[in-house]
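Take a look at the structure below.
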Amino acid sequence: MSERTELTKREATGPTLPHLVQAVAPAVDIFENEDEILLHADMPGVLKDDISVDIDNGRLSLSGTRRLETTGAANWEEFGEVEYQRTFSVPQTIDVNKVNAKLKDGVLKLHLPKSEASKARQIDIQ
């Protein structure tokens, strides 16, 4: 038996590596108008319960995990589990109590309303 054949046999029966979850940054679009900042994050395959959105001290953190339930042995695998992570700086003028998020078709939409005090206003002269 050649050395090469024996090595191949040992690799096939050797210990398996632990399944690692790949961490990636989701693609994001950000829009701003005078009332709010709107953020769209592409997180395909992530369920609502597997997403976390945190705003703390001017930092917005998004994370979500796409989990796949598989049966049987994988012959080829390119579409595995993924953990999406992204962090942004947000202005202190965001009204944190009015932030809302919706998940539809793999896109997380965050509405970050600006506080009334931060909006431009016209001052009448008496």
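The values are calculated or read from the model by the stated rules, or taken from the named source; none is laboratory data. Because the structure is a prediction, the values reported are computed rather than measured. Positions of Cβ are backbone-derived with ideal geometry, glycine not excepted, and every protein chain shown enters the neighbour counts.
For segment 36-85, give me each residue that is under 23 Å from Ser115 (Cα atoms) and acidic (Asp, Glu).
Hits for segment 36-85 are Glu36, Asp54, Asp56.
Being farther than 26 Å from Leu20 by Cβ and among the hydrophobic types (A, V, I, L, M, F, W, C) is the requirement here; does Leu112 meet it?
yes
Any residue in segment 18-45 that's surrounded by 15 or more Cβ atoms within 10 Å (Cβ to Cβ): show its pairings with residues that are of a type in the set (Asp, Glu) and at pLDDT below 95 at Cβ separation under 6 Å, as long as the two are six or more apart or on different chains.
If the second residue must be of a type in the set (Asp, Glu) and at pLDDT below 95, no pairs are left.
For segment 43-66, which positions are touching a helix residue (DSSP H, G or I) at 6+ places or on another chain (Cβ under 8 Å) and closer than 11 Å to Leu108 by Cβ?
Answer for segment 43-66, where residues must be touching a helix residue (DSSP H, G or I) at 6+ places or on another chain (Cβ under 8 Å) and closer than 11 Å to Leu108 by Cβ: just Gly64.
Tally the residues that are out of contact with any Phe, Trp or Tyr (no Cβ under 6 Å at 6 or more places or on another chain), assigned to a strand (DSSP E or B) and farther than 19 Å from Val21 by Cβ, restricting the search to segment 56-95. I'd like the intermediate steps shown before the answer.
Within segment 56-95, the subset out of contact with any Phe, Trp or Tyr (no Cβ under 6 Å at 6 or more places or on another chain) is 56-59, 61-63, 65-95.
From what's left, assigned to a strand (DSSP E or B): 56, 59, 61-63, 65-66, 82-89, 94.
From what is left, the residues that are farther than 19 Å from Val21 by Cβ are 56, 59, 88-89, 94.
Looking only at that region, the number is 5.
Conditions tested, residue by residue: (1) more than 21 Å from Val24 (Cα to Cα); (2) aromatic (Phe, Trp, Tyr).
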residue: Gly58; (1), (2): yes, no
residue: Ser63; (1), (2): no, no
residue: Tyr84; (1), (2): no, yes
residue: Thr87; (1), (2): no, no
residue: Asn97; (1), (2): yes, no
residue: Val107; (1), (2): no, no
residue: Pro113; (1), (2): yes, no
residue: Glu116; (1), (2): yes, no
residue: Ile123; (1), (2): yes, no
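For residues that are in contact with an Asp or Glu (Cβ under 9 Å, 6 or more places away or on another chain), aliphatic (A, V, I, L, M) and loosely packed, with under 13 Cβ neighbours inside 10 Å, tally how many sit in segment 68-95.
1
Here are Ala23, Ala27: which of them is farther than 24 Å from Asn100 by Cα and modelled with pLDDT of 85 or more?
Result: Ala23 is the single residue among Ala23, Ala27 that is farther than 24 Å from Asn100 by Cα and modelled with pLDDT of 85 or more.
Among the residues of segment 96-126, write down those that are assigned to a loop (DSSP other than H, G, I, E, B) and surrounded by fewer than 13 Cβ atoms within 10 Å (Cβ to Cβ).
Asp105, Lys119, Ala120, Arg121, Gln122, Ile123, Asp124, Ile125, Gln126, listed by residue number.
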